[in-house]
Structure formats: structure tokens, C-alpha cells
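The values are calculated or read from the model by the stated rules, or taken from the named source; none is laboratory data. Everything numeric in this text was worked out from a predicted model, so none of it was measured. Reconstructed Cβ throughout: ideal geometry from the backbone, glycine too, with neighbour counts over all protein chains shown.
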There are 4 protein chains.
Amino acid sequence: MINAVICGASGYTGSELLRILASIPEVEVTALTSEQSAGKEITELFPHLSAYKGVRFEPLNMNVLVGRGDIFFLALPHSASQEAVEYFHSHGKKAIDLSADYRLKDPLVYERWYKTKHHFPHTLSHAVYGLPELYRQYIKNSSLIANPGCYPTTAILALYPALKQKIIETEHIVIDSKSGVSGAGRKSDVTYSFCEIADGFKAYGVASHRHTPEIDQELSLIAESPVKVTFTPHLLPVTRGMLSTVYAQLKGGTSLDAVHSIYKEAYEGEPFVDVLPIGKYPDIRNVRGTNICQIGMAISENGTLIIISAIDNLVKGASGQAVQNMNVMFGLDETTGLGLLPVLP
Amino acid sequence: MINAVICGASGYTGSELLRILASIPEVEVTALTSEQSAGKEITELFPHLSAYKGVRFEPLNMNVLVGRGDIFFLALPHSASQEAVEYFHSHGKKAIDLSADYRLKDPLVYERWYKTKHHFPHTLSHAVYGLPELYRQYIKNSSLIANPGCYPTTAILALYPALKQKIIETEHIVIDSKSGVSGAGRKSDVTYSFCEIADGFKAYGVASHRHTPEIDQELSLIAESPVKVTFTPHLLPVTRGMLSTVYAQLKGGTSLDAVHSIYKEAYEGEPFVDVLPIGKYPDIRNVRGTNICQIGMAISENGTLIIISAIDNLVKGASGQAVQNMNVMFGLDETTGLGLLPVLP
Amino acid sequence: MINAVICGASGYTGSELLRILASIPEVEVTALTSEQSAGKEITELFPHLSAYKGVRFEPLNMNVLVGRGDIFFLALPHSASQEAVEYFHSHGKKAIDLSADYRLKDPLVYERWYKTKHHFPHTLSHAVYGLPELYRQYIKNSSLIANPGCYPTTAILALYPALKQKIIETEHIVIDSKSGVSGAGRKSDVTYSFCEIADGFKAYGVASHRHTPEIDQELSLIAESPVKVTFTPHLLPVTRGMLSTVYAQLKGGTSLDAVHSIYKEAYEGEPFVDVLPIGKYPDIRNVRGTNICQIGMAISENGTLIIISAIDNLVKGASGQAVQNMNVMFGLDETTGLGLLPVLP
Amino acid sequence: MINAVICGASGYTGSELLRILASIPEVEVTALTSEQSAGKEITELFPHLSAYKGVRFEPLNMNVLVGRGDIFFLALPHSASQEAVEYFHSHGKKAIDLSADYRLKDPLVYERWYKTKHHFPHTLSHAVYGLPELYRQYIKNSSLIANPGCYPTTAILALYPALKQKIIETEHIVIDSKSGVSGAGRKSDVTYSFCEIADGFKAYGVASHRHTPEIDQELSLIAESPVKVTFTPHLLPVTRGMLSTVYAQLKGGTSLDAVHSIYKEAYEGEPFVDVLPIGKYPDIRNVRGTNICQIGMAISENGTLIIISAIDNLVKGASGQAVQNMNVMFGLDETTGLGLLPVLP
């Protein structure tokens, strides 16, 4: 039995972790923290989580919690996570950080984009970027996982085979992404109120979103040369789902069939990446509630490769990927708790 | 008093024309046609159009209709429109065609993309592309207007100032567009049923949408050299609204301020193009029900110009633009019937 | 020219007043107040209200404002409105109060339901309940209008003819109402965030909603005997629209045709009440953005009369009705500014 | 291993059965039929059902199918189901009919409401109404289950304890129901297209819906006296979910606490009925994708009992209840395959 502690469980990534973990017999959730909701029952905030009836949020007392978990999921706000990760990690515990605090390998890049210093560069140097499709072997042996951001997950999975096989130019890559509203978290903010979002669609964080350096870092590692992308996130009037349409210049005359084969091969055997047949494209509906990333592709008349990837931002884009990482770390079957079909229509 | 006949009035562009024309005292709608709904009252299909209580659809008998109108709006399906336009135009009437039949200047390009021959190339050569911001002077003196497609409207207005001033490369232009469902028309098709669309988001017509040659044609004319874009349309789970995010490579170091000035100047005095201040971006909510095109812009770290344009696909993308063209043709104030504020929230 | 001041203009009833008043040439909005947003431009909160570009919110300084308006619209929170109404009214100005403060004729009933004392019972006794279909003559000669609540508007218009003609029992009346989210106002409250509302539907304020005494008061006046209804409001996952399904026991064998005639006659000539033909029922879509109340009816097998009424909660349920009242007070055509067709689909 | 055949699997109740059965190791789906889609892969219509990759629809050849199943789920249109049920039942197979064909015990009532004769009154007399909370013992020993309609499920579960304990009058019961669009099935019908449903809300089938006699029949059996209700269904602009607000006159002074205790006791131990604490009310979000029926209650000032029940119309209102019935028939744990938590937000 694996004891799991969730720090910051009153947000949507926290509640999604709870939903998924409830179906895993090998895991017991032993503590849930929330500063604002400490003392409240979890079902008061999330009436749908009936499996946790009677369980209450508690405050984040790290010295009390450290003895109650084998694995610590940190779903805290960016920068608040730094210290908690450090604490549990230094006490020999496994940690999966769902914030951005341990994703950027260069503390100065982190400081530039998150406007706060990184106080634990040494621990940072031990963090493994938790994208199992790329780093499974490292995750297996690591005790500190930086769980990827939702946008980077779609962008990296969309570009990995093409960059790895060097069939595209690394300049002028465009990533046009669209996300459901739950990506913004559970907030009292008029900007995210129903009446301000419904019937709307807009770009935000244009040329300035914090996931940009994370995407650049990971694509550069794959390409083995510096990559700087153009990334534009948009807000969809749906709760869940993320779709990225990625554009890159194909090198000399690679055919669509050839590109498709490269993708099929790269993701062969991957339980959570579904490369669609040529002519089919992802729909966020079809991955809703699942850990699947669907990928489709085409080539435009002027030779641009178009890769489209779709995930559920709260699952493969956050909590599902965290559970996938946990499965890898603990030697469970990687699909444990993640085999559900979408609820459609 | 201008007598207007609407052919093909049982679709959404037809009903939107009726909504707008109802508020123009100078225009009287004298006939509405629909093959499938002939004999039915308009309010049976469109209960909200109470201003037309008692008015019925009639079949498209051109020889009967020709005497009843000064201006003929053709909201017929593609290829069905060819003959009707020819008929009314050859009888000396003014016509505004909302189909694609008279938009592509080269009949062979039309045939390639629409899989049907163009039978009236001579008449086609007289058609003016009805984008008043570019072709106002030609529209004024024309009796045959090819009303632009919705996607091309967003793409052309987004790129016109930059192409005209030659501040961007014409290669590798990417147009990532997102449209509300009403763009697909009023259809009995399970694909567009509520349960199949709600909570979804997907690309369609990837690298193969029929609006591509129209965009290429018009951008090439502006650039005075052949342009071939990469164009990807997506389907938003909203009824109305269209937003295009356009990417192009900036030539040598033009600043955002300089680009912004070029756009402000290009659209100065235009009643329906709203160039937003730097740092602000369009939302389809803010143009819902109006003839406005909002434009915002940014430059990414790697020097890519990002232009975002938003319209209501049924208004500036179809019926509103048609009325704007009518106003220009008849010497009315160009904003007649088009001054409404969006109904928000 | 009528000078209008709007106190509390940063909410949805305020912005809706602005949208409507923008189309009335006889009215000039001379001041807009908001405590929280004082100093900000109106278009910062409501980018769609482009007709008010440059206009800013100011604080509610009553002694400054009193000289700038002929008519004062109070869109302030309940209880905050009491004093403002008193002030402007006592200075000889016309006032239309969109809060609940002057709707309940008995100050003790007000105190019981709103948990606050009414400090101006004398002024209260001068207020006229602003439902023009019932009280047009009183409104014409009044300078203080209590604008009805949205739920009461649907309930009263649905029951008025039947109660007036005494064809239904006054006991066991059931009012099952469903409202769009904008009825809750423009709020930073996680309860009304997009992710908590989308895909949901629930009752709230069951057997305890504050509009209950207002409904009881007005129905009792019509019935000329005490009426106590059962009223259940529900929250629809749409921004606008309100539909009430009302149930009452028909007295001895009145036929549906007879009931329908009573309704047609009662509302003959009313510009904003649309009694649908037998067999047709309202849809909130069809009144969206308009001041119309649609009414349909049926009789169940066991002799229960079912009356269904639908309005736009922000228009006939709030700001549109306020403008209708203003039109009556100032002798304008009652439909001034209120003639728009819904934007559909 | 239980072999299951699904007849009429190309609709939403069919696809929902497939989703649920995919998680039950004791069940193997051996055949899926669809006349219109015979030959197509199931994932072509339902891309989310990846567990059935490669499986194809086949035509309804009963003599071929009869040997391939232990249990036959009939998700055929009303009246088409009559014969199929008869065939499989007469061949000694267990059958669960999701249509209305075997729900009404009186063939004349069936004929009156469904405008078609019942050809198998003898078989009809053997059918058990498949609401396990009321008829578990009969279901256990039956081989022919008439799976309840969605509206009746909400109405009966809402009223059962009160009628059984005779604390309410049986006259003047009002059932005001609201359903998601998936209740209308998977249809090519412009009425259910996204653009005609979004932002709307309306009543339909007022005083004439076919579920009325089913509700009357079952309530009469519970009350042991004839009951005729007033029933009004409405269409919610969501895909899934159903909520009924039920009104009945309380007999002499029963307190809310007493009513609540009666409900708690009546449903004690029921895995799928959740009687909420006093002051809490159901939300369709909280049961989305689950087999749960949530129930809340209140008493209005005039002594009317208000019972609110919510289900997922495709699960407890159709396919989930069918699986629950199968579990009872085959002696499986009743919650097998039905333990999932909702995917929220």
C-alpha cells in the first residue's frame, strides 16, 4: 500500500488527483491540505467526490505530514511549492511537483519568468522532467519529478518525433494553443465568471506566457540546438480540454506518409499517445477525462507541417500525468487508474 | 425606398440579413425565397424575427422576382448561385452574392476547389470583391459584388497593412482560425447536433479548406506577388464569432510601435475596423452581433509578428458586410443598419 | 433632451441600461457611478460599450450628481439604494429604483426578508410598482418607480389575466422558475465561475427566495385576497434568459380556448407581451436581448392550468423594463429604444 | 463470463452501455447491431470508445444473434423493440428492453400513447419494471426487464417514500422536469442542432409527453389508488443530466425533519440513491456520468412539499440502470461497473 499526501488539494488539479487515485486500490490518500479550506470536508467543495465523504482538509504542517506519506503530490501555487518540495525531498520522500517550480533547469530563467528567486538550485538540479514518453528511465529512478505544464505537454508531444528525426527546421516554429477554463484554476475572479467567459474566445498571454521557456528548454534538448518558438495561448469557453496546432517548416520534400510513419514509430507501444490515421484529427471531446494525447497531421500546399495534439488539460496536462509518473516511480503498471473511457456525449 | 429581394432566406445568413434590414427605413424587403420552406411563414423557422410576422417564403421564380427588387441578395449554396446572379445581373439589377461563386477571379481555380464548372466567366470578370476597406471605390460603381468569405475577411483585414507596407515576408504565413458553428449553416446533420459539438473543439478542413484560394488570391493582389498561406480552420463550441491568429515573419527589426502605427493609419476613419491599443486583444464576445473587426498585435521573442483579428462570422463575415456593400452601392451612410452594440453578457 | 444618471453602473443591469439608452436620441447619460471602479473608463469593464468610449465611472456624490440629471436610475445593491432614492426623490427628481428597496409596500415584510430596516417608510408609500402592463396610469404620474424583480415579472405577467378573471384557485399555486446566471450580477465569486456553472443545473433559494413576498404581494392585489405561492428558482447554465412554468388549479371546466382568449384580450395592444398561439411555447432564445415577455399555456389531464412565461432577465426583468417605465414617465413612445430583434442564432 | 448483445448500439444509450460494460471483466460484448451503420467500426461513430477498436456494427439478424448472447440489451426505437424482445425472450434468453415497449402494463394505454398496437400482450404480462429500488426481488427472478424511462425514474424515486407513507395528497401532484439534450437521441434533425439549442431553454411535450402514463402507472401502484400527475418536461442546453422538481400537498403538518427521516429510511442501504442533508439540493453536475440519483427536499410557506431529484439521463435514466438490472439478474454485486466518480469540473 502506497500512502499519498496531496498538498494544495482544494484546486482543480488537487480534486482531479483525488478522482483518479480513488480508483487505485494500491494507493491510500492519507492527507489533504488546504490553507483556506482547512477544517472543511472535501465534499463541501467537491460534492462529486463522494468516495472521500468525511475526509477533511488540514493545514500544510510539513513536519506532521512528512511521516504520513510515501509520495507527496504538490499542487501548490508557483513559488509556494519550492520549499515544500525541498522539505519532503530532503526527508527522503518521493515528490511530484505539479507547479512550475522545478521545471526550468536554469534558476535564472525561472527567476526571469516567475519574478521570484529559486532558493534551492541544488535540489532543482536533481529534478527530472516528468514526461514519461521521453524520460521514463530517469523517472523510474528519481525521487523528485517536475510534472510538465499542460501547454508544454501538447507542444513537446506534437514536435518530439519531427525534431528528433530532424525533418523540420527549428526556426519559425509556431504553437497556437487553445485551453479550457479549468487551466486557470478554481478562482474567485470576475474574469473567469460564467458570464464573462460564455460565448467568448480570445488569446491571452500573447508572446509572454510563462510556459514559453519550458517549451523552449525541452524542444532545445530534443533538437540538440537552441529553439525559440512563437507561442500563443487562447481561452476556450469549455471547462476541460486543450488543443495545440503546431506549424513547422518541413525540410526538403518529406512526404506526409513518411512523417506519419515517423510518428507511429516514435510512439509505438505508448499507452497514452494516439497517433491518428492520416486524414483524422483530434477533438478535445474524445480525450475528455482521460490521460490520452491524440495527434493528427497534415502538410499545407506551401510545405508547412501542421501537427495537432489534444489532451485533457487536467489529466494528461496535470494530474493524470502525475499519476502516470507515480506509477513509473513505484513500478506499478503505467496505466493503473488511467484506463477510463471518456463520458460522451 | 430600396426594394430588396433575398434569395435563399431560410439559412442563417438569410435570417441575419433580415434582422439587419429590419432596422433600415430606406429598405423594404419585398421577397424571400426558399425551396424547402416555400409557403411557410418566416417566423415559423425564425420565431425571433417578429418584424416579419405574416411574411412567407416563396420559390425562386427568377422571372417573377426580377421585377420586384432593386437589389438582390443571393444567399444560395455554392454553384446554385451562379445562374441566379447571372440572371439578375443580365437584367440590369444590382446583385450581392454571398456564395463563393463570384469570388475567385480565375474560373479554373474555382473549378478545382468547388468541383464544378463556372458557366459565366464573362460575368465573373465584372464582379468586384466586396471588402469595402480595400475596394470601396470599385464597389460604389459596381452592380455585382462577390461578398467575401468569413475566414478571408479576418485574414485579409489582419494582413492588409503589413503586406501593403511590405514589412513582412510573404512566405510561411500561418493563419490559424477558429469559427463558431453557425458558419456551417442551418443543417439537419448529426455532425452539427448539440450533443456532438458541445464541450468539443477540433480542426477541420486542415490544409484543404475552400477559403484557401480566396485568401491566397487577395493577399497576392495586396502583396503584388504570389502568396500561398498555411490555413487551418477550427470549430468553436459557440454559435457565433470568428477569431484568426495570423503569424508572419517581420522584416529587419520593425518595432511593435511602428507596426501598430501602420495599422492605425491604414484603418483610420474605417467605421468597422477597430485597431486595439498595444497590449489589448480581441474577444469574439465584444463583436457579437456587430459589423466590427477588432485587431490586436504582438511580436514574439523570435521576431514573428502575431496579428489577431475577430469578427462575428454572420455579420462582418457575411450579412453585415453585404449590407455595408449595399450602403456603399446606393450611396447610403456606410453604417446604416450596422450601428448596434453587442448584447453582453 | 432628458439627462440620465446611472448610480451603480458597473454591474450587468447598469451596463444593460447603457446599451439600451445609447440608442435613444432623446436621452443623454450625464453620469455613471461606481465605488469600486471610480476613475476607470466604462469600456475597461465593458469593452462592448464602444458608444461610451472615454466616459469614466465616478463615485456616488449625491449632492454633485443631483444637479446633473432629470432621471436617476438606481442599480445599487439592496439596502444601499434606500438612501439614494430618498435623496434624489426629496430633491424633486424622478427616480427608478432597480433594487428591491421600494418594492414591498409593508416595511416590516421588507425588514423580515432583507434583514435590514426600512428608514424611509413615508417615501416608500409613494413608490409605484413599475409593471406598466398593470400600472401604466400610476407610473405616468409618479416620480418614484420601484422596478419589479425579474422572477416577479414572469410570475405576475403569467398569472395576471387568470387571477383577474378569477378562473383559477388562489391556493396551491406553484411557480417553477429558471434563470440565466447574469441574474446573480457581476461578481468575483467562485460559485459563479465558469467551471462551477457549466454543464450544471440546480435549484437554489428553495422555499426561501427574497422574491417570494414580492410575488405574493402583487398576486394578492390582483386577486383581491391573500395569495401565498410556492416558488422555486433554478440556475440555468446560460448568461441570459428566464422562464417560469406556473401551475394553478382551474375552476370548473374552463376550456383552453377560453383561457387563451382571456389572455389575448388582457394583453391586447401591449407592445411587450406576446401571447403565443395554442400549442406554441416560449423559448428564452426568442426573447434574448429584447423587452418581450412570451406567454404560452396548456391544461393537463387532471385540470391544472400550466402557464409558461419567458423574458430576458436583464431586459424585461430589469433594465429594459426600467427604460419602459422612463418612457411612460416622460411621455415618450413606450417602445423607444426597445424595438430590437434578438441576435439569433 | 456473461455474453452480452446490444441491439441498436449506434445511439447514445447504446454507446453508453458500451462505455459502462467495458469496465466489467465478467461481461463480454459479443455483438453490436445497427441497421444504418452496419459494417462500420464502432469507433467511427464514437471515437471515444477506444476499448472497442476494430469492432463493427452488424445488422439485426435475430436468428444469428440469439446464439451469441446470454443477455440482450434492446436499445431500439419504440415499437421496433416489441418483436426483438419477443424473439429473444421466447428463445429462453434474458432481455433488458430500454425502449418503452414493455413498460406500460395495459396494452391499450400503450396503443393510445404510442399510436401502435402491442402485438405481444402475453409476453408483456411477464415484464418486470426495472427500478431496482422498488422491484429488486422481482428483477432477480425475471428474464424480461422493462427498463424505466428517464423522467419516470426521477419522478418515482422522488415520490416513492412520501406516497408509500401516505404523507402527501395524491391529487395535484406537479412534476416539473428539465433534461439534457442527449435524451432526444443521436439525430440528424435541425431542431437539435447546436445553433438551435445553445443559449436556449424551453418546455416541450407540455401536458402530452409519453412518459406521463408510465409515471401515473407506477405512482398509482405505490399509492394503491389512481394518481394522475401534471408533468412538464423542459430542454436544458447541456448534453447530459436531468432534474425534476416535484410538488405535492403535505397532509396535516408533517415537519421537514419527519419527511427527511422517511426518505433516509426508505433509501437506507441503496447504493444509488443519495438523500442529501436538509438544506442541500441536487445539481446535475454532481451525478454526471454516474448511476446516482440525488434527492433534496423543502416545505414551502403554504405547506407544499418540494422534492428535487437529479440523475444522469443516460446512466440512471437509461444504460446505467440497465446494467444495474443486469447485475441483479445475474447475481453480480449491484454496483459492478457503476462505481465511477463524476469528471468535474
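Can C:GLY130 be described as over 30 Å from C:SER225 (Cβ atoms) and of a type outside the set (Lys, Arg)? Before the answer, list the steps.
Values: over 30 Å from C:SER225 (Cβ atoms): no; of a type outside the set (Lys, Arg): yes.
No: the conditions fail for C:GLY130.
Please go through region D:26-66 and pick out each residue that is surrounded by fewer than 20 Cβ atoms within 10 Å (Cβ to Cβ), of a type in the set (Val, Ile, Thr) and closer than 23 Å to B:THR191 by Cβ.
D:THR43, D:VAL55
Residue check: is A:SER188 in the same structural domain as A:TYR247 (by TED's automatic domain parsing), small (Gly, Ala, Ser) and more than 22 Å from A:ALA75 (Cα to Cα)? If you could, list the steps in order and put the result at the bottom.
Working: in the same structural domain as A:TYR247 (by TED's automatic domain parsing): yes; small (Gly, Ala, Ser): yes; more than 22 Å from A:ALA75 (Cα to Cα): no.
Taking the combined requirement at face value, the residue does not satisfy it.
So which of A:SER23, A:SER34 ends up being modelled with pLDDT under 95, out of contact with any strand residue (DSSP E or B) (no Cβ under 7 Å at 6 or more places or on another chain) and closer than 24 Å to D:LEU344 by Cβ?
Values: A:SER34 fails: modelled with pLDDT under 95.
Checking each option against the conditions leaves just A:SER23.
Taking the stated definitions as given, is C:LEU332 at the interface with another protein chain (Cβ under 9 Å from one of its Cβ atoms) and in a loop (DSSP other than H, G, I, E, B)?
So C:LEU332 fails the test.
Hey, among the residues in region D:314-343 that are at pLDDT below 95 and either assigned by TED's automatic domain parsing to the domain that holds D:ALA22 or in contact with a Lys or Arg (Cβ under 6 Å, 6 or more places away or on another chain) (or both), which one's surrounded by the most Cβ atoms within 10 Å (Cβ to Cβ)? Walk me through how you get there before you give the answer.
Kept after step one, since they are at pLDDT below 95, are these residues of region D:314-343: D:339-343.
Now restrict to residues that are either assigned by TED's automatic domain parsing to the domain that holds D:ALA22 or in contact with a Lys or Arg (Cβ under 6 Å, 6 or more places away or on another chain) (or both): D:341-342.
Working: D:LEU341: 21, D:PRO342: 23.
Within region D:314-343, the match that is surrounded by the most Cβ atoms within 10 Å (Cβ to Cβ) is D:PRO342.
Which condition does D:PRO277 not pass, out of (1) over 21 Å from the mean Cα position of the chain (by Cα); (2) of a type outside the set (Phe, Trp, Tyr); (3) over 24 Å from D:PRO345 (Cβ atoms), if it passes all the others?
Condition not satisfied by D:PRO277: (3).
Taking region C:172-183, which residues are closer than 19 Å to D:LEU236 by Cβ, aliphatic (A, V, I, L, M) and more than 7 Å from every other protein chain (Cβ to nearest Cβ)? Full working, then the answer.
To start, the set of residues in region C:172-183 that are closer than 19 Å to D:LEU236 by Cβ comprises C:175-183.
With the extra rule that they be aliphatic (A, V, I, L, M), the set shrinks to C:175, C:181.
Of everything in region C:172-183, just one residue is closer than 19 Å to D:LEU236 by Cβ, aliphatic (A, V, I, L, M) and more than 7 Å from every other protein chain (Cβ to nearest Cβ), namely C:ILE175.
Kindly indicate whether D:LEU340 is of a type in the set (A, V, I, L, M, F, W, C) and in a loop (DSSP other than H, G, I, E, B).
Working: of a type in the set (A, V, I, L, M, F, W, C): yes; in a loop (DSSP other than H, G, I, E, B): yes.
Taking the combined requirement at face value, the residue satisfies it.
Anything in region A:180-206 that is among the small types (Gly, Ala, Ser) and more than 18 Å from C:HIS48 (Cβ to Cβ)? List them, or say none.
Result: A:GLY180, A:SER182, A:GLY183, A:ALA184, A:GLY185, A:SER188, A:GLY205.
Restricting to region A:298-325, give me the number of residues that are without any contact (Cβ under 8 Å) to a residue 24 or more places away in the chain and polar (S, T, N, Q).
So the first thing to find is which residues in region A:298-325 are without any contact (Cβ under 8 Å) to a residue 24 or more places away in the chain, and the list is A:300-302.
Narrowing the set further to residues that are polar (S, T, N, Q) leaves A:300, A:302.
So the count comes out to 2.
Kindly establish whether B:LEU18 is away from chain C (no Cβ under 14 Å), crowded, with 21+ Cβ neighbours inside 10 Å and modelled with pLDDT of 95 or more. It would help to see each step written out before you state the result.
Working: away from chain C (no Cβ under 14 Å): no; crowded, with 21+ Cβ neighbours inside 10 Å: yes; modelled with pLDDT of 95 or more: yes.
No.
Read through the list (1) crowded, with 22+ Cβ neighbours inside 10 Å; (2) within 17 Å of A:SER179 (Cα to Cα), then give the number of the only condition that A:ALA248 fails.
(2)
With the structure loaded, tell me whether C:ILE173 is touching a Ser or Thr at 6+ places or on another chain (Cβ under 8 Å), crowded, with 18+ Cβ neighbours inside 10 Å and among the hydrophobic types (A, V, I, L, M, F, W, C) or whether it fails that test.
Working: touching a Ser or Thr at 6+ places or on another chain (Cβ under 8 Å): yes; crowded, with 18+ Cβ neighbours inside 10 Å: yes; among the hydrophobic types (A, V, I, L, M, F, W, C): yes.
So C:ILE173 fits the description; yes.
Can you find even one residue in region C:26-39 that is free of Cβ contacts under 8 Å to residues at least 12 places away in the same chain, assigned to a loop (DSSP other than H, G, I, E, B) and closer than 24 Å to C:LEU314 by Cβ? First the steps, then the outcome.
Of the residues in region C:26-39, the ones free of Cβ contacts under 8 Å to residues at least 12 places away in the same chain are none.
Scanning region C:26-39 turns up no residue that is free of Cβ contacts under 8 Å to residues at least 12 places away in the same chain, assigned to a loop (DSSP other than H, G, I, E, B) and closer than 24 Å to C:LEU314 by Cβ.
Checking the structure you have, find out if any residue of region B:184-194 is within 20 Å of B:ARG285 (Cα to Cα), small (Gly, Ala, Ser), away from chain A (no Cβ under 12 Å) and not in a loop (DSSP other than H, G, I, E, B).
Yes, some residue in region B:184-194 is within 20 Å of B:ARG285 (Cα to Cα), small (Gly, Ala, Ser), away from chain A (no Cβ under 12 Å) and not in a loop (DSSP other than H, G, I, E, B).
Is at least one residue of region D:87-110 polar (S, T, N, Q), in contact with an Asp or Glu (Cβ under 9 Å, 6 or more places away or on another chain) and touching a residue at least 24 places away in the same chain (Cβ under 8 Å)?
Within region D:87-110 (the criterion being polar (S, T, N, Q), in contact with an Asp or Glu (Cβ under 9 Å, 6 or more places away or on another chain) and touching a residue at least 24 places away in the same chain (Cβ under 8 Å)), the answer is no, since none of the residues qualifies.
Does B:GLY180 satisfy the criteria of being over 19 Å from B:ILE306 (Cβ atoms), under 21 Å from the mean Cα position of the chain (by Cα), modelled with pLDDT of 95 or more and buried (at least 16 other Cβ atoms within 10 Å of the Cβ)? Can you show your working first?
On the way: over 19 Å from B:ILE306 (Cβ atoms): yes; under 21 Å from the mean Cα position of the chain (by Cα): yes; modelled with pLDDT of 95 or more: yes; buried (at least 16 other Cβ atoms within 10 Å of the Cβ): yes.
In short, yes.
Taking strands (runs of 3 or more DSSP E) that do not extend beyond region A:201-292, which have at least 2 residues that are without any contact (Cβ under 8 Å) to a residue 60 or more places away in the chain and within 13 Å of chain B (Cβ to nearest Cβ)? Explain how you work it out, then say what you get.
Working: elements: A:230-235, A:242-249, A:273-275.
Those strands (runs of 3 or more DSSP E) span A:230-235.
Can you tell me which residue within region C:151-171, out of those that are assigned to a helix (DSSP H, G or I) and polar (S, T, N, Q), is farthest from the other protein chains (Cβ to nearest Cβ)?
Initially, region C:151-171 is screened for residues assigned to a helix (DSSP H, G or I), giving C:151-164.
Next cut, polar (S, T, N, Q) only: C:153-154.
Working: C:THR153: 17, C:THR154: 13 Å.
Going through the qualifying residues, I end up with C:THR153.
Could you list, in sequence order, the residues of region C:40-70 that are assigned to a helix (DSSP H, G or I), among the β-branched types (Val, Ile, Thr) and away from chain B (no Cβ under 13 Å)? So that I can check it myself, show each step before the final result.
Step one: filter region C:40-70 for residues assigned to a helix (DSSP H, G or I), giving C:42-45, C:50-52, C:62-68.
Adding the requirement that they be among the β-branched types (Val, Ile, Thr) leaves C:42-43, C:64, C:66.
Result: C:VAL64, C:VAL66.
Can you confirm whether D:THR304 is under 27 Å from C:ILE306 (Cα atoms) and in contact with an Asp or Glu (Cβ under 8 Å, 6 or more places away or on another chain)?
no
Do you know which residues across region B:1-20 are free of Cβ contacts under 8 Å to residues at least 60 places away in the same chain and touching an Asp or Glu at 6+ places or on another chain (Cβ under 8 Å)?
B:MET1
Scan region C:185-228 for residues that are within 28 Å of A:THR191 (Cα to Cα) and among the polar types (S, T, N, Q) and jot them down.
Passing the criteria: C:SER188, C:THR191, C:SER193.
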